[in-house]
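The values are calculated or read from the model by the stated rules, or taken from the named source; none is laboratory data. Not measured: the values here are computed from a predicted model. Positions of Cβ are backbone-derived with ideal geometry, glycine not excepted, and every protein chain shown enters the neighbour counts. These area figures cover heavy atoms from the full protein model, side chains too; ligands, DNA and RNA do not enter into them. Shrake-Rupley method; radii C 1.70, N 1.55, O 1.52, S 1.80 Å.
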Amino acid sequence: MDAMDAEDEVPVSTSETSTLVDDNSTVVNATGAVNLQPVPAVIPPVVPTAILPPVVPAIAPRLAVPPPIPPPLAPLPVRPPVLRPPVAQNGEMQENDSDSDLEEMVSGRGAAGSTQEYEISEESRIVRERQEKALQELLMKRRAAALAVPTNDMAVRARLRRLGEPITLFGEREMERRDRLRMLMARLDAEGQLEKLMKAHEDEEAAASAAPAEEEDIQYPFYTEGSKALLDARVEIAKYSLVKSALRLHRARRKRDDPDEDVDAEVDWALKQAGSLALDCSEIGDDRPLFGCSLSHDGKMLATCSLSGIAKIWSMPQVQKVSTLKGHTERATDVVFSPTSNYLATASADKTARLWNSEGSLLRTFEGHLDRLARIAFHPSGKYLGTASFDKTWRLWNVESGEELLLQEGHSRSVYGLSFHHDGSLVASCGLDALVRVWDLRTGRSILALEGHVKPVLGVSFSPNGYHLASGGEDNTCRIWDLRQRRSSYIIPAHSNLISQVKFEPQEGYFLATASYDMTAKVWSSRDFKPVKTLSGHEAKIMSLDVASDGQFITTVSYDRTIKLWSSKNIEKEEKMDMD
């Protein structure tokens, strides 16, 4: 009986799936798991009704064996493997070691029921091909860089011809042709065609060894041989410049050593005269805009030229017309008086320069330029004439014979202005290439190339002191170059528009005058290059100016067709009248 009761009291069977633990939790047992020991029933003791203890919920005993992880209620979805391209390390392609692990994991999940094969995508294949192609090109370039390629263009063409390639392609330049030969040689080297390459090299060496034997008798001079007239002119210019430079140096030493000479007082007086410049006369010069003006060496005549191609001579200081010079077929671009006589020369866009006397008679025509002329200038001796042209050259002419002595190249663009040194040994040229060049007339060499302007240079002038050179151009600045130091010593922000002309005072160079398209002309001190006077009055851009030999007056011509005379003598007359 007791045994049967004991069997009936077993409360837990193997088919049960949950057991009550407390009010809010259940313990889930796996079916067919470990059988639990029977838990004896807890019988509360009998307590008298008078005192009732608080009701304590039954606490299940903690299981001695931890329950295993239950299986999921539904199979997990199989995640497709991620295909990653192999990573290059140290130049070698390495495979992914985790591919087999992924396959095992996928195959181990029986819920999917299938395995996936790895295939390289189209994008990965294209990337791999691109990498291989880039690697081959890099190796090809390295091989090409190690090859010896001729630097002479004729040798490059000869090797291309021997290799059976076109010697030049349409629009191909020298460096491109050399690069093409280099890549061709590298490709032949990579393909193993060394015999063809070596044969071409041997043919070149054979041709090079045979060439000197044929050209031994030919000797080329290292200079351009000039005419006998040019040689005589150089000798005469050298003799003239030696005398003039000796006189200049003697005068400079006397001013330095003589206690009676007060240079500062002279400069102050000259600047005072320049500061007192005022408009003395204004005259209509032509029906068309005026382009150039020049004062005679004695200051008694003024010459002007205009767009009509006509030049006129005026008496000074009344500015009355004396004669008219007609002969040019195009506009006149410049006019200049000879420093030793009353002859004058004109330049024109008809590619010629002409020599006239003061009565208006044509004496000589200088022909030879291939494009229109710009500025012209006489040599201090008066025997030679320099012309600047838009054909990128300037030329030196013999005034007496009209013969062309020198055709000088050197500028990369049009030559616009010329100025001779007061000693006669040097000449400065400026042009649209923003460059100022100084040439030695005795040897024909370019001794200085002065760089600094950022736009075309339109005017240049030597100072009588012998070592200062002024230039002005389209960058609105006037630069003062020191020939002793070979650099720019002053930069004057002179005008608000381009500078058309610059001129030093011709006697001592105590001041500098500049003309500009801003309708003003300005006077600057040569001591510190500070402004002294601004000459305002023109109604259009000023094309040119000139300074009298004694510095007492300045003439300007403008696009408004007027000639204006700025004088300091009328100020002296007024002062005398006031004193009287």
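Points to keep in mind about this one:
- Residues of the stretch 270-300 that are open to solvent by 30 Å² or more (accessible area, probe 1.4 Å), in contact (Cβ under 8 Å) with a residue 24 or more places away in the chain and either more than 19 Å from residue 523 (Cβ to Cβ) or in contact with a Gly (Cβ under 9 Å, 6 or more places away or on another chain) (or both): 279, 282, 283, 284, 287, 288, 291, 297, 298.
- Hey, residue 380 open to solvent by 40 Å² or more (accessible area, probe 1.4 Å), in a loop (DSSP other than H, G, I, E, B) and under 22 Å from residue 459 (Cα atoms) or not: no
- When the stretch 386-425 is filtered for residues that are more than 20 Å from residue 458 (Cβ to Cβ) and part of a strand (DSSP E or B), the ones remaining, listed by number, are 396, 397, 398, 404, 405, 406, 407.
- Any chance residue 352 is among the hydroxyl-bearing types (Ser, Thr, Tyr), under 23 Å from residue 500 (Cα atoms), open to solvent by less than 10 Å² (accessible area, probe 1.4 Å) and touching a residue at least 24 places away in the same chain (Cβ under 8 Å): no
- Of the residues making up the stretch 142-155, those that are open to solvent by 50 Å² or more (accessible area, probe 1.4 Å) and either closer than 20 Å to residue 202 by Cα or within 28 Å of the chain's Cα centre (by Cα) (or both) are 146, 148, 151, 152, 154.
- Residue count, the stretch 453-471 (criterion: within 30 Å of residue 256 (Cα to Cα) and either open to solvent by 20 Å² or more (accessible area, probe 1.4 Å) or not in a strand (DSSP E or B) (or both)): 6
- Within the stretch 423-439, residues that are free of Cβ contacts under 8 Å to residues at least 24 places away in the same chain sit with their Cβ atoms under 9 Å from residues that are part of a loop (DSSP other than H, G, I, E, B) and not hydroxyl-bearing (Ser, Thr, Tyr), at 6+ positions apart or across chains, in these pairs: 433/392; 433/411; 433/413; 433/456.
- Single residue of the stretch 156-178 satisfying the filter (acidic (Asp, Glu) and touching a helix residue (DSSP H, G or I) at 6+ places or on another chain (Cβ under 7 Å)) that is least open to solvent (accessible area, probe 1.4 Å): 165
- Filtered residues of the stretch 154-171 (kept if of a type in the set (D, E, K, R) and within 20 Å of residue 140 (Cβ to Cβ)): 159, 165
For every residue, the table says whether it meets (1) in contact with a strand residue (DSSP E or B) (Cβ under 6 Å, 6 or more places away or on another chain); (2) open to solvent by 30 Å² or more (accessible area, probe 1.4 Å); (3) assigned to a loop (DSSP other than H, G, I, E, B); (4) not basic (Lys, Arg).
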position	(1), (2), (3), (4)
502	yes, no, no, yes
509	no, no, yes, yes
528	no, yes, yes, yes
533	yes, yes, no, no
538	yes, no, yes, yes
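- For the stretch 487-502, filtering for residues that are at pLDDT 95 or above and charged (D, E, K, R) leaves 0.
- Verdict on residue 514 being without any contact (Cβ under 8 Å) to a residue 60 or more places away in the chain, hydroxyl-bearing (Ser, Thr, Tyr) and surrounded by fewer than 21 Cβ atoms within 10 Å (Cβ to Cβ): no
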